[in-house]
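Right, one structure below, let's go through it.
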Amino acid sequence: MRTEKAVKGGGVYTVNGETQGGRVKTYNVPVFRIRTDTMDYEVEGRPDLSIDEELTFRTEKGRHQLYIFIQRGDKEKRYSVVTQEKR
């Protein structure tokens, strides 16, 4: 696990397109690494994982993002994939 800084925000625009104000917020996002025999995935969020825990998961490509769905019992939770690389 590691922590990344994320920035979220935007400007408030006037009629002529000039920025009149706005807000930017910086916050920490936990990133977890999930390792398989062939791939390593890094996911954002708080999946409450422990080291050497075996997972049941699937991947699904969204419009602009790859997601991992982790199965816990009869519930499934979605996490955004930050990076993926072959082993």
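Every number here is computed from the coordinates shown, using simple stated rules; none is lab data. What you see is a predicted model, and the numbers here were worked out from it, not measured in a lab. All Cβ positions, even for glycine, are placed from backbone atoms using ideal geometry, and neighbour counts span all protein chains on display.
Between Thr59, Thr36, Thr14, find the one with the highest GNM mean-square fluctuation for the chain; connect C-alpha pairs within less than 10 Å.
Thr14
If you put +1 on each Lys and Arg Cβ and -1 on each Asp and Glu Cβ, how big is the dipole of segment 27-86 around its Cα centre, in Debye rounded to 20?
The calculated dipole for segment 27-86 is roughly 320 debye.
With unit charges on the beta carbon (Lys/Arg positive, Asp/Glu negative), name the residue among Val12, His64, Val24 whose Cα is farthest towards the positive pole of the charge dipole of the chain.
Val12
Please find, in a Gaussian network model of the chain (springs between Cα atoms separated by less than 10 Å), the residue of Lys77, Lys61, Lys25 whose mean-square fluctuation is greatest.
Lys25
Tell me the relative contact order for the chain as a rounded percent, counting alpha carbon contacts under 8 Å between residues six or more apart.
23
Once label points are set 7 Å from the Cα along Cα→Cβ at both Lys8 and Glu44, what is their separation, rounded to one decimal in nm?
If labels sit at Lys8 and Glu44, their model points lie 0.9 nm apart.
What is the total of Lys pairs in segment 23-87 with C-alpha atoms under 24 Å apart, excluding same-chain pairs fewer than 8 positions apart? Please list the in-between numbers first.
On the way: Lys61/Lys75; Lys61/Lys77; Lys61/Lys86; Lys77/Lys86.
Taking the Cα cut-off of 24 Å, the pair count is 4.
Quick one, what does Rg over Rh come out to for the chain if you take C-alpha atoms and the Kirkwood Rh?
Ratio of gyration radius to Kirkwood radius for the chain: 1.14.
Top mean-square fluctuation among Ile70, Ile34, Ile51, Gaussian network model of the chain, C-alpha springs under 10 Å?
Top of the fluctuation ranking is Ile51.
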